[in-house]
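The block underneath contains the structure these notes are about, expressed in structure tokens.
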Amino acid sequence: MSKFLWKGLLVSPAVLAASLVVSSTALATETPVEIATAQANQLQLAGAATDTAQPETAAATAEAASLAANLTADTNDTLEKESVAAKVAPVAEQAASPENNSVAAADLTQSKPAAAPENLNTDKPVAEQIPAVAPANSSAEKPAAPTNISAEKPAAQPEQISQSTAPIVQPQAQSSVLEQINQYSAENGSEDAAGQVTSVSQLSDVRPTDWAFQALQSLVERYGCIAGYPDGTYRGNRAMTRYEFAAGLNACLDKVNELIKGSGRNLATKEDLASIQRLQEEFAAELATLRGRVDALEARTSELEANQFSTTTKLNGEVIFALTGIARGEDAEGRKADRTTAFGSRVRLNFDTSFSGQDLLRTRLQVLNLGAFSTNNTKTAEGELRFNAGPFGTASNTVALDALLYQFPLGKSTTVILEANAGAADDFTNTVNPYFDGDGGSGALSNFGTRNPIYYLTAGSGIALRQQFGEKLELSLGYLAGNAPSPTRGNGLFNGSYGALAQLTFKPTSTMALGLTYVNSYNFVTGTGSNASNFPVRLGSFGIDSDNSPRVSSNSYGAQASWRVRPGLAIGGWAGYTNQRILSNLNTPTGSVQRGDQKIWNWAVTVALPDLLKEGNVAGFIVGMEPRVTSSTNRTLPEDKDTSLHIEGFYQFKLSDNISITPGVIWLTAPDHNKNNSDLVIGVVRTTFTF
């Protein structure tokens with residue numbers, strides 16, 4: 001019987017059912033003496049009383065007792081090894097899995113509640129894509145329910161295993177097994193909790209043509225050993241958990257115990273016991289191999305546990321090497337742009353910590369050494385690369401704290417994000433630009449191509465909230481202050497620069513998304529577009545810092561859409577409008593800046609070709625207009641007379657799961673929205689390493 005149960009555990013619940021039928025058939029025949037001896041030990045292992053089998057044991061023949069003794073010895077040894085395997089195998093799988101070396105790096109940029117590995121899924125915030133990390137002993141006291149078992153996954157994933165390790169049945173603690181099984185059975189709050197069925201016809205996914213139908217019918221209708229799920233399924237084609245195995249085994253052993261107590265008939269023959277012994281001998285080699293593997297894994301696991309970095313924290317990183325330069329054209333001031341070639345890098349190390357398995361504390365260290373084109377070459381924020389230091393940013397090989405946030409659930413559909421440093425809109429909302437918003441590490445090469453520029457009007461420290469209304473609608477709210485840590489006048493959380501964002505994201509289908517966005521900001525500029533639309537940034541070139549620059553407030557409105565037409569084609573785009581008001585006058589070396597209003601527009605159309613030529617590759621094309629002042633009441637900052645198009649193309653080639661190379665070109669048809677300036681062409685080759 002031990003052999004059949006072990007095979008059932010390895011293969012599926014259906015095989016377990018067939019195995020138990022063989023055992024029950026043995027119970028239905030002649031000699032109660034031999035089966036009582038064998039079952040007594042098994043019932044003892046499950047915590048059942050054995051004294052009821054003593055009267056029959058006394059009448060056993062010498063030959064039958066020998067067969068039962070052999071069966072019992074092998075059974076106890078096998079079940080003990082199974083317990084050890086349950087402890088060691090998940091830990092070894094978790095340690096060996098390559099998934100532990102990287103947070104799921106799909107497209108964290110689309111709405112990652114952490115500035116996350118740049119290859120995360122673009123449709124979801126990053127914290128939903130980062131595998132939950134919990135203390136190794138976090139679930140040792142509470143058995144996992146069938147709810148955690150996905151019918152689509154044949155085996156538990158490492159992240160699941162790390163939070164729910166199967167209990168260890170040691171010889172000295174065998175009496176507690178039934179208590180754990182009863183606790184498991186009592187956990188019926190989940191939607192997938194198992195329920196007893198009285199007829200095999202109640203199981204919608206079991207048909208008379210199934211090879212194990214007769215076995216299931218016998219166990220359900222004769223012995224009451226099998227439980228189904230509330231949706232009326234049995235799920236016999238997937239792997240089972242040890243808790244599910246224990247629940248089924250306990251029900252059948254209870255029935256066996258009743259038969260032994262209440263029947264004086266012969267229940268088994270010597271031939272039946274001999275058949276069981278032959279089955280044990282048939283699988284002796286497999287069991288011996290398994291025992292050796294368990295011993296080796298136990299030693300390896302002990303070493304890993306002794307030297308592990310942390311039970312709650314995972315490290316993932318991203319490194320970008322970028323070769324870039326100006327190919328031709330003039331800058332925003334009509335002068336020939338410098339045609340120098342630069343080679344730089346960006347390094348990010350993320351420490352992702354979870355204390356409950358559902359929350360996330362992200363600490364990011366970052367190093368930048370690639371200077372901004374807007375400062376040194378183009379003299380405008382147009383065409384700015386996403387992975388450089390940004391306009392007037394510090395580009396040096398100095399390690400600094402970048403993103404620092406904590407995210408936790410508040411109920412089933414609400415998530416709270418606390419941004420302590422370097423927060424951004426894409427930490428808590430979906431930017432609705434899949435295949436392009438990789439935050440510089442993947443997708444688009446430029447700031448403009450990454451997302452709608454109005455998202456850049458909020459950044460810094462603050463708080464955000466994400467509320468789900470079913471599967472199709474989400475509300476994102478966030479408030480970030482640009483200089484929240486400063487206690488000086490005109491700064492701090494509420495008295496300095498800030499950006500407040502609200503967005504409704506609607507997903508009518510799995511292939512389509514629409515976002516409607518509103519941003520109210522003070523003393524923020526988009527960081528992309530013409531000098532007229534970003535004039536406070538340009539004041540830095542005159543030596544005027546942000547404390548002395550004119551006060552600017554704005555209200556911005558945006559609409560973003562994305563549609564995956566078919567597996568190899570996705571189209572999208574956005575439109576953004578900003579009403580910007582200059583609140584104070586300022587004299588600069590080039591003239592005065594007076595109060596006034598500006599109307600600023602931007603738009604883009606995107607086309608993505610995922611899996612082009614090879615699975616994992618992406619080709620992308622962007623055509624749009626960076627922020628342009630279309631109307632102004634400020635005489636010193638008039639509207640942009642012409643329209644410059646931003647045309648960008650890239651092909652991201654995936655060398656391996658951890659390395660990709662992306663060559664691309666950025667073409668500005670009239671820099672600074674001035675047709676008197678010659679077209680500007682920027683070439684880039686980006687190599688991204690993730691780990």
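Total residues in region 432-468 satisfying the condition of being surrounded by fewer than 24 Cβ atoms within 10 Å (Cβ to Cβ) and of a type in the set (A, V, I, L, M, F, W, C): the figure is 3.
Counting only strands (runs of 3 or more DSSP E) that fall entirely inside region 553-618 and contain at least 2 residues that are surrounded by 13 or more Cβ atoms within 10 Å (Cβ to Cβ), modelled with pLDDT of 95 or more and of a type in the set (Ser, Thr, Tyr), the qualifying elements are 569-582. Against the test of being over 27 Å from the mean Cα position of the chain (by Cα) and buried (at least 24 other Cβ atoms within 10 Å of the Cβ), the options Thr394, Thr378, Thr429, Thr398 yield a single qualifying residue, Thr378. Of the candidates Asp672, Asp679, the single residue that is in contact with a Ser or Thr (Cβ under 8 Å, 6 or more places away or on another chain) and at positive phi is Asp672.
Of all the numbered requirements in (1) surrounded by 20 or more Cβ atoms within 10 Å (Cβ to Cβ); (2) in a strand (DSSP E or B), Leu516 misses one, and that requirement is (1). The residues in region 323-374 that are in a strand (DSSP E or B), modelled with pLDDT under 95 and in contact with an Asp or Glu (Cβ under 8 Å, 6 or more places away or on another chain) can be counted, and the count is 3. Among the residues of region 632-681, the one identified as surrounded by fewer than 18 Cβ atoms within 10 Å (Cβ to Cβ), among the polar types (S, T, N, Q), at pLDDT 95 or above and under 26 Å from Arg581 (Cα atoms) is Thr643. Residue pairs whose Cβ atoms lie under 6 Å apart, sitting 6 or more positions apart in sequence or on different chains, and linking a residue in region 603-627 that is within 30 Å of Lys641 (Cα to Cα) to a partner that is in a strand (DSSP E or B) and among the charged types (D, E, K, R), are Ile622/Glu648. The residues of region 327-347 that are touching a residue at least 60 places away in the same chain (Cβ under 8 Å) and closer than 21 Å to Thr394 by Cα amount to a single one, Arg346.
If the condition is being buried (at least 16 other Cβ atoms within 10 Å of the Cβ) and either hydrophobic (A, V, I, L, M, F, W, C) or over 13 Å from Gly423 (Cα atoms) (or both), then region 478-491 contributes Leu480, Ala481, Ala484, Asn491.
Does at least one position in region 461-476 carry a residue that is small (Gly, Ala, Ser), within 22 Å of the chain's Cα centre (by Cα) and in a strand (DSSP E or B)? Among the residues of region 461-476, at least one is small (Gly, Ala, Ser), within 22 Å of the chain's Cα centre (by Cα) and in a strand (DSSP E or B), which makes the answer yes. Between residues in region 198-218 that are at negative phi and residues that are among the polar types (S, T, N, Q), which pairs lie under 6 Å by C-beta distance while being six or more apart or on different chains? Within 6 Å, the pairs are Val200/Gln217; Ser204/Thr233; Asp205/Thr233. One residue stands out in region 632-663 among those that are hydroxyl-bearing (Ser, Thr, Tyr) and not in a strand (DSSP E or B): the one that is nearest to Thr690 (Cα to Cα), namely Ser656. For region 664-686, give me the residue count where each residue is of a type in the set (Gly, Ala, Ser) and not in a loop (DSSP other than H, G, I, E, B). Residues in region 664-686 being of a type in the set (Gly, Ala, Ser) and not in a loop (DSSP other than H, G, I, E, B): 2 in total. Within region 357-374, one or more residues are under 28 Å from Glu648 (Cβ atoms) and touching a Pro at 6+ places or on another chain (Cβ under 7 Å).
The values are calculated or read from the model by the stated rules, or taken from the named source; none is laboratory data. Just so you know, these numbers come straight off a predicted model, no measurement behind them. All Cβ positions, even for glycine, are placed from backbone atoms using ideal geometry, and neighbour counts span all protein chains on display.
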